[in-house]
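The values are calculated or read from the model by the stated rules, or taken from the named source; none is laboratory data. Owing to the predicted nature of the structure, the values given are computational and were not obtained by experimental measurement. Because the Cβ atoms are built from the backbone with ideal geometry, glycine has one as well, and the counts that use them run over all protein chains shown. Surface accessibility is based on the protein's heavy atoms, side chains included, excluding ligands, DNA and RNA. Shrake-Rupley method; radii C 1.70, N 1.55, O 1.52, S 1.80 Å.
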Amino acid sequence: MQTLDRLAIHTMTTKPWDLPTAVKKYSAAGIRGVGLWRQWLDGRPLSESRSLMDDHGLQAVSLVRSGFFPGLNATERQAALDDNHRALDEAAAVGAPQVVLVCGAKPELSLAENRKQITEGIAACIEHAGKVGVKLSIEPLHPMYADCRSAVNTIGQCNDIIDQLGDEWVGIAADVYHIWWDPQLEQEIKRAGKRIIGFHVCDWLTPTQDFLNDRGLMGEGCIDIKGIRAMVEATGFNGPIEVEIFSTRLWATDQDAFLSNIITACENHV
Ligand code: ZN
């Protein structure tokens, strides 16, 4: 990567650090963007979290995460909508231009029903998104999560949803971990065009020890990150490159050294 200018770190990547620590360390390392996980907002007013970032020259590039639209009854579905509206309000308050949607899935429901409820759920958030000026960014998840985390698993599905809902307030977060295997990837990224509003990087380890918390640092695994970046940038995307690594192994290491390794890995492998 040419410069640090476009690098953003998700607070979950350096999970042991609370927000005051993370902003201090990111800023000292020359980083300007934060993928802000909602848990890192707990315990202080939103304005204070925003000031913490402002004071360190940092910008929230995304608020992570909401979604989880499918429910077994109307009460559950309404609770999800309420939470998504809250997430949009939080994003507006901290200055994040987009909320990342992990769309959700209930194993008790069929895939078709999950997908229908997801599309309806996103549709029901668009008006509020426009009102507060924050985009809804659909992140397709790897199909290994189709049972209980997201029934939206490809960029192609995101495109189909956005074809129905319009792209004024709905976009796509392309995370290499979730999409690298997709044989339709290049054509669907091309089809997405300016709908791509987020780009997340990490790597896929072999063997993967844990489906959730064993992601690799860029360069440790088999994903063609540079190739996917080229596809994404061919659409005109020039936004932040968000480092999002969940790793029990890496969280247990010295986080200062890890942050420095992230920057080196971005220079060499992204
Ligand atoms: Zn992601």
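Scan the range 160-208 for residues that are more than 16 Å from the ligand (Cβ to nearest atom) and open to solvent by 40 Å² or more (accessible area, probe 1.4 Å) and report the count.
Counting residues in the range 160-208 that are more than 16 Å from the ligand (Cβ to nearest atom) and open to solvent by 40 Å² or more (accessible area, probe 1.4 Å) gives 16.
What is the number of the single condition among (1) away from the ligand (no atom under 16 Å from the Cβ); (2) within 22 Å of Arg86 (Cα to Cα) that Asp147 does not meet?
(2)
How many residues does the range 9-29 hold that are of a type outside the set (A, V, I, L, M), touching a residue at least 60 places away in the same chain (Cβ under 8 Å), more than 16 Å from the ligand (Cβ to nearest atom) and farther than 15 Å from Val61 by Cα?
3
Of (1) open to solvent by 40 Å² or more (accessible area, probe 1.4 Å); (2) within 16 Å of the ligand (Cβ to nearest atom), His85 satisfies all except one. Which?
(2)
If we scan the range 97-114, do we find a residue that is at pLDDT 95 or above, under 30 Å from Ser51 (Cβ atoms) and open to solvent by 40 Å² or more (accessible area, probe 1.4 Å)?
In the first step, residues of the range 97-114 are kept if they are at pLDDT 95 or above; the result is 97-114.
Subset that is under 30 Å from Ser51 (Cβ atoms): 97-102.
If we keep only those that are open to solvent by 40 Å² or more (accessible area, probe 1.4 Å) as well, we get 97.
The answer is yes, given that some residue of the range 97-114 is at pLDDT 95 or above, under 30 Å from Ser51 (Cβ atoms) and open to solvent by 40 Å² or more (accessible area, probe 1.4 Å).
Report whether or not Ile126 is modelled with pLDDT of 95 or more, more than 16 Å from the chain's Cα centre (by Cα), open to solvent by 10 Å² or more (accessible area, probe 1.4 Å) and at negative phi. Steps first, answer last, please.
On the way: modelled with pLDDT of 95 or more: yes; more than 16 Å from the chain's Cα centre (by Cα): yes; open to solvent by 10 Å² or more (accessible area, probe 1.4 Å): yes; at negative phi: yes.
So Ile126 fits the description; yes.
Can you find even one residue in the range 38-54 that is surrounded by fewer than 17 Cβ atoms within 10 Å (Cβ to Cβ) and touching a residue at least 60 places away in the same chain (Cβ under 8 Å)? Steps first, answer last, please.
Our first condition is that a residue be surrounded by fewer than 17 Cβ atoms within 10 Å (Cβ to Cβ); within the range 38-54, this holds for 39, 42-48, 51, 54.
After this cut, where a residue has to be touching a residue at least 60 places away in the same chain (Cβ under 8 Å) as well, the list is none.
Checked against the condition, which is being surrounded by fewer than 17 Cβ atoms within 10 Å (Cβ to Cβ) and touching a residue at least 60 places away in the same chain (Cβ under 8 Å), the range 38-54 yields no hits at all.
Is there a residue being modelled with pLDDT of 95 or more, among the aromatic types (Phe, Trp, Tyr) and either under 21 Å from Asn159 (Cβ atoms) or within 13 Å of the ligand (Cβ to nearest atom) (or both) anywhere in the range 231-243? Let's see the steps before the verdict.
Here is the first cut: in the range 231-243, the ones modelled with pLDDT of 95 or more are 231-243.
Narrowing further to those that are among the aromatic types (Phe, Trp, Tyr): 237.
Those still in the list that are either under 21 Å from Asn159 (Cβ atoms) or within 13 Å of the ligand (Cβ to nearest atom) (or both) too: 237.
The answer is yes, given that some residue of the range 231-243 is modelled with pLDDT of 95 or more, among the aromatic types (Phe, Trp, Tyr) and either under 21 Å from Asn159 (Cβ atoms) or within 13 Å of the ligand (Cβ to nearest atom) (or both).
Within the group Leu212, Leu259, which residue is modelled with pLDDT of 95 or more and away from the ligand (no atom under 13 Å from the Cβ)? Lay out the reasoning, then the answer.
Working: Leu212 fails: away from the ligand (no atom under 13 Å from the Cβ).
Just a single option satisfies the conditions, and that option is Leu259.
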